[in-house]
Amino acid sequence: MCCHGDALVQRVCELYEQISSLESLKPSKDVNMLFTQLVLTCMPPSPIDVSKLCQGVQEIRSKLIRLCGEAEGLLENHFSTILGSYEHPLDHLTIFPYYSNYLKLSKLEFTILSQHFPHVPSKIAFVGSGPLPLTSIVLASNHLTTTSFHNYDIDPSANSKALGLVSSDPDLSKRMVFHTTDIMDVTNALKDYDVVFLAALVGMDKMEKLKIIDHLAKYMAPGATLMLRSAHGARAFLYPVIDPCDDLRGFEVLSVFHPTDEVINSVVIARKYALPAQHSSPIDPQGLNAAPIILPNKCSGIEAFNPLLNHGSMMIEELAFEEQLS
């Protein structure tokens, strides 16, 4: 079935066949075992470029990403229900098996955001927060302790469960807001947010993802920051990939970070242009006439660096845009 001779691709295809044959993706011994094997297969750094695989494997990858998304949603729903049974759910977050990953990912995203956003954000939107909004909870509790978080999810049940997790906390219950709506129906309200996070599984195919990004580019405030999660190498069998050179029209791409540890998602940070792009004229993203900016679909190169010395093993890349003093 696999048209690629690579052993990794062959193994991914085998696991896809087993996963797609399961009667249910709800947490169980078999489900947990197969997805653990899949993650361990895709986690090591790999030079593979999934966009260059044959059509048959591309179709398997698309289906696998949807299966991963469904399983992840069921896992979060399962543990949100368990946590909701406690009087103080936030005191028991460690029962979620991937809680430590969220701690690392949230610290990584906070560090990246701090490098490019000079002030503490007043309001953050998280699109696709789900029944277990750990990113918002961890950021609000550990890193952005005065910021309000507006969590968007299309599923009313997910928001109900998520609200139940924070309602007993005197601080987070005031700073965490939940909106049950399709983000494509949110327009002028997006201008209220300093930062918008887009969850990895919001828009699971390319066209859907691009449609959402274009919507955010249209309605976010000029100069606002967009944080996105992507995937690199074999991890792209688990999550959709965002191409920072082609997929972020209307945004200045600031950095792209590719972890190589157990944090699966890459992190992309971009800033909405302060002025609409007109042809190929340089524009000033901060309104300061500081430097000409190359349009986001014209990446000039990639510069490797590592600002997170304590994060562990990771590969970090920054898109190097042409700069010169005015």
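The values are calculated or read from the model by the stated rules, or taken from the named source; none is laboratory data. This structure is a prediction, so every number in the text was calculated from the model and none was measured. When we count neighbours, we look across all protein chains shown, and the Cβ atoms used for this are built from the backbone with ideal geometry, even at glycine. For accessibility, only protein heavy atoms count, side chains too; no ligands or nucleic acids. Shrake-Rupley method; radii C 1.70, N 1.55, O 1.52, S 1.80 Å.
Kindly establish whether Leu83 is open to solvent by less than 40 Å² (accessible area, probe 1.4 Å), in contact with a His (Cβ under 9 Å, 6 or more places away or on another chain) and in a helix (DSSP H, G or I).
On the way: open to solvent by less than 40 Å² (accessible area, probe 1.4 Å): yes; in contact with a His (Cβ under 9 Å, 6 or more places away or on another chain): yes; in a helix (DSSP H, G or I): yes.
Here the answer is yes, as Leu83 does meet what is asked.
Here's the yes/no breakdown for (1) in contact with a Pro (Cβ under 7 Å, 6 or more places away or on another chain); (2) more than 17 Å from Ser122 (Cα to Cα):
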| residue | (1), (2) |
| --- | --- |
| Leu163 | no, yes |
| Ser173 | no, no |
| Val177 | no, no |
| Thr187 | no, yes |
| Asp194 | yes, no |
| Ile212 | no, yes |
**Message:** Looking only at the range 33-53, filter to residues that are in a helix (DSSP H, G or I) and within 15 Å of Tyr239 (Cβ to Cβ); which one of those is most open to solvent (accessible area, probe 1.4 Å)?
**Reply:** Ser51
**Request:** Find the residue count for the range 245-259, including only residues that are over 15 Å from Glu109 (Cα atoms) and either of a type in the set (D, E, K, R) or under 13 Å from the mean Cα position of the chain (by Cα) (or both).
**Result:** 4
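Go through the residues of the range 106-124 one by one and say whether even a single one is small (Gly, Ala, Ser), touching a residue at least 24 places away in the same chain (Cβ under 8 Å) and touching a strand residue (DSSP E or B) at 6+ places or on another chain (Cβ under 9 Å).
yes
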**Item:** Tally, over the range 97-132, of residues that are closer than 20 Å to Glu262 by Cα, within 16 Å of the chain's Cα centre (by Cα) and assigned to a loop (DSSP other than H, G, I, E, B)
**Value:** 2
**Considering residues of the range 162-181 that are among the charged types (D, E, K, R) and open to solvent by less than 60 Å² (accessible area, probe 1.4 Å) only, the residue farthest from Tyr86 (Cα to Cα)** = Arg175
**Residues satisfying the stated conditions in the range 54-72, i.e. surrounded by fewer than 18 Cβ atoms within 10 Å (Cβ to Cβ), of a type outside the set (D, E, K, R) and touching a residue at least 60 places away in the same chain (Cβ under 8 Å)** = Ser62
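Of the residues that make up the range 198-217, is at least one among the charged types (D, E, K, R), over 19 Å from His143 (Cβ atoms), in contact (Cβ under 8 Å) with a residue 24 or more places away in the chain and touching a Ser or Thr at 6+ places or on another chain (Cβ under 7 Å)? Step through it out loud before you land on a result.
At the first step, the residues of the range 198-217 found to be among the charged types (D, E, K, R) are 205-206, 208-209, 211, 214.
Okay, now just the ones that are also over 19 Å from His143 (Cβ atoms), so 205-206, 208-209, 211, 214.
Add one more test, that the residue is in contact (Cβ under 8 Å) with a residue 24 or more places away in the chain, and what stays is 205-206, 209, 211, 214.
Among the residues that remain, those that are also touching a Ser or Thr at 6+ places or on another chain (Cβ under 7 Å) are: 205.
There is at least one residue in the range 198-217 that is among the charged types (D, E, K, R), over 19 Å from His143 (Cβ atoms), in contact (Cβ under 8 Å) with a residue 24 or more places away in the chain and touching a Ser or Thr at 6+ places or on another chain (Cβ under 7 Å).
Restricting the search to the range 211-260, which residues are at positive phi and either buried (at least 23 other Cβ atoms within 10 Å of the Cβ) or assigned to a helix (DSSP H, G or I) (or both)?
If we filter the range 211-260 for residues that are at positive phi, which is where we start, we get 223, 233, 250.
The one that is at positive phi and either buried (at least 23 other Cβ atoms within 10 Å of the Cβ) or assigned to a helix (DSSP H, G or I) (or both): Gly233.
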**Message:** The conditions are (1) of a type in the set (Gly, Ala, Ser); (2) in contact with a Ser or Thr (Cβ under 7 Å, 6 or more places away or on another chain); (3) open to solvent by 50 Å² or more (accessible area, probe 1.4 Å); (4) within 24 Å of Lys26 (Cα to Cα), and Ser129 fails exactly one of them. Which is it?
**Reply:** (3)
**Prompt:** What pairs can you find where one residue is in the range 77-93 and within 18 Å of Pro170 (Cβ to Cβ), the other is among the hydroxyl-bearing types (Ser, Thr, Tyr) and not in a helix (DSSP H, G or I), and their Cβ atoms are less than 6 Å apart, with a gap of 6+ or different chains?
**Reply:** His88/Ser168; His92/Tyr86
**Listing of strands (runs of 3 or more DSSP E) fully contained in the range 133-210 that carry 1 or more residues being over 25 Å from Val241 (Cα atoms) and charged (D, E, K, R)** = none
